[in-house]
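In what follows, a single structure is set out as structure tokens and then discussed.
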Amino acid sequence: MNYKIIRSKRKTLGIEVGPDGVTVRAPMRISAGEIEKFVMAHRDWIEKNLRKIEERKAALGDVEPLSADEIKELAEKAAKIIPERAAYYAQKIGVSYGKITIRNQRSKWGSCSSKGNLSFNCLLMLAPPEVVDAVVVHELCHRKEMNHSERFYA
């Protein structure tokens, strides 16, 4: 199995499976043999996720990726709409928040920092308004509970 290794000051091994292949994130001092053993122990999981990625690619067919201009337009639209939605729902939920950042992220729809800053994916503008609202509310709820526990969802 082919994979790329990225070594850093981290303490544990981690595997990422994405459109560009498999990446293993490893501590500096861990041996290549230990990395190989870890990868082989997770082989089924890796192969399952590689298959999912291939299925998604096949399902998309000849869909062209968004151009830089299209992404910029989505980001500008999000910069107008999302702060309005956040202000509306923050008042209803009874929370405050810091600044709002709009990004073009590959894997997240939104996030909330421990300082209360909110970040949203500009690609949300391709989703129906109720999905945008759901993500905004989800991130605002992290102002009350900074995890995904039962209490958060309650």
Original post:
In this structure, does Lys52 turn out to be of a type in the set (D, E, K, R), without any contact (Cβ under 8 Å) to a residue 40 or more places away in the chain, assigned to a helix (DSSP H, G or I) and in the same structural domain as Lys144 (by TED's automatic domain parsing)?
Top reply: no
Subject >> Boolean, Lys57 is part of a helix (DSSP H, G or I) and not aliphatic (A, V, I, L, M) >> reply: yes
Original post:
Of these, Glu36, Glu55, Glu47, Glu16, which one is of a type in the set (D, E, K, R) and loosely packed, with under 11 Cβ neighbours inside 10 Å?
Top reply: Glu55
**OP:** From (1) touching a helix residue (DSSP H, G or I) at 6+ places or on another chain (Cβ under 6 Å); (2) farther than 12 Å from Ile81 by Cα, pick out the condition that doesn't hold for Phe120.
**Re:** (2)
**OP:** All but one of (1) free of Cβ contacts under 8 Å to residues at least 24 places away in the same chain; (2) closer than 30 Å to Leu126 by Cβ; (3) β-branched (Val, Ile, Thr) hold for Val22, so report the exception by its number.
**Re:** (1)
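The values are calculated or read from the model by the stated rules, or taken from the named source; none is laboratory data. Not measured: the values here are computed from a predicted model. With ideal geometry, Cβ positions are generated from the backbone for all residues, glycine too; neighbour counts draw on all protein chains shown.
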